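Laboratory data are not the source of any read-out in this text; all were calculated from the coordinates shown. Predicted model, so just to flag it, every value in this text is computed and none were measured. Don't worry about glycine lacking a Cβ; one is built from the backbone with ideal geometry, like all the others, and counts go over all protein chains shown.
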Amino acid sequence: MGRKMGFVVDSNRCIGCHSCSMACKNYNQLNPDITWRTVYDIKEDTYGQPTRITMSLACNHCDIPACKEACPTNAYEKREDGIVIHHEERCIGCGMCVYACPYNVPQFDKEKKKVGKCHLCYERLDNGQSPACVSSCPTQAIYHIDTTSLGDEFAKSLPGFPDPEITKSTTRFIKPSIVRKL
C-alpha cells in the first residue's frame, strides 16, 4: 500500500491568525469571497472551562469523497496518494458536490461559475515542497502527513467537526491540552 496524504491540525498550536487561509488564497489566486481553508473557533466552554481554541480546516481528502461521488461530470479525481483533486475544466458549476460534502469544502465561485477546493497543493508536494498553508503557519499548527503511518495519538475529530466516518476523512487532530484552571 502506498502513501495516503492528509492534514494534521494541532489545536494546541493554532492561534487563529489566519496566515494559512491567506496563504491559500494568495497561492491559488482565489476571488475575495472564496476560502479553501477556514479557521474556526471552537465553543469556549467545550472543554469544561473558558479557553480559546481554534482549528484550521480545508479539504479532508476523504477515503470516500462525497464530492467525487456526487459530481455528474467526473470533475474530481482521487490520486493514488489519496489527494482529491477538482478539475475546473470539467466542472459545469451545478453545485452537486457543494451540497454533498458534509464539511462544506467545495466553494462555488460566482465569477467563474465553477466550483473549486483545496487540492493539498499537490503540485508543490510533487516538487518536494509543503502546501502553502503549511509553510505559512508561524506556529506549525498544520502539517501534511502520510496517514497510513498514523497511530492513536491523533484524534479523528474535534467538537463541531462533522462525523469523520461519513466519508472517512483523513484529517487528524491533536486535541488541546488544557493545563490551566481559572
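Could you give the angle, 0 to 90 degrees to the nearest 10, between helix 19-28's Cα long axis and the longest principal axis of the Cα atoms of the chain?
Helix 19-28 sits roughly 10 degrees off the main axis of the chain.
Which Cys in the chain stand alone, with every other cysteine's Cβ at 4.7 Å or more from theirs?
Among the cysteines of the chain, those whose Cβ sits 4.7 Å or more from every other are 14, 17, 24, 62, 71, 91, 94, 101, 121, 137.
By how many nm would the segment from residue 165 to residue 31 lengthen if fully extended, with 0.36 nm per residue of separation less the alpha-carbon distance? Display every interim value, and only then the final one.
Details: separation 134, 0.36 × 134 = 48.24 nm, distance 3.15 nm.
Full-extension gain reported as 45.1 nm.
Within 15 Å, Cβ to Cβ, of residue 8, how many net charges do the neighbouring residues add up to if Lys/Arg are +1 and Asp/Glu are -1? Please report the intermediate quantities before stating the final value.
On the way: positive: 3, 4, 13, 37, 156, 172, 175; negative: 10, 146, 152, 153.
Local charge sum for residue 8: +3.
Counting only DSSP beta bridges with both residues in region 5-174, what percent are antiparallel, rounded to the nearest 5? It would help to have the intermediate numbers written out before the result.
Details: 17 of 20 bridges.
Antiparallel bridges make up about 85 percent of those DSSP assigns within region 5-174.
Would you mind putting 96-108, 154-166 in packing order, based on average other-beta-carbon counts within 10 Å, highest first? Please report the intermediate quantities before stating the final value.
Details: 96-108: 19.0, 154-166: 14.8.
Ranked by mean Cβ neighbours within 10 Å, highest first: 96-108, 154-166.
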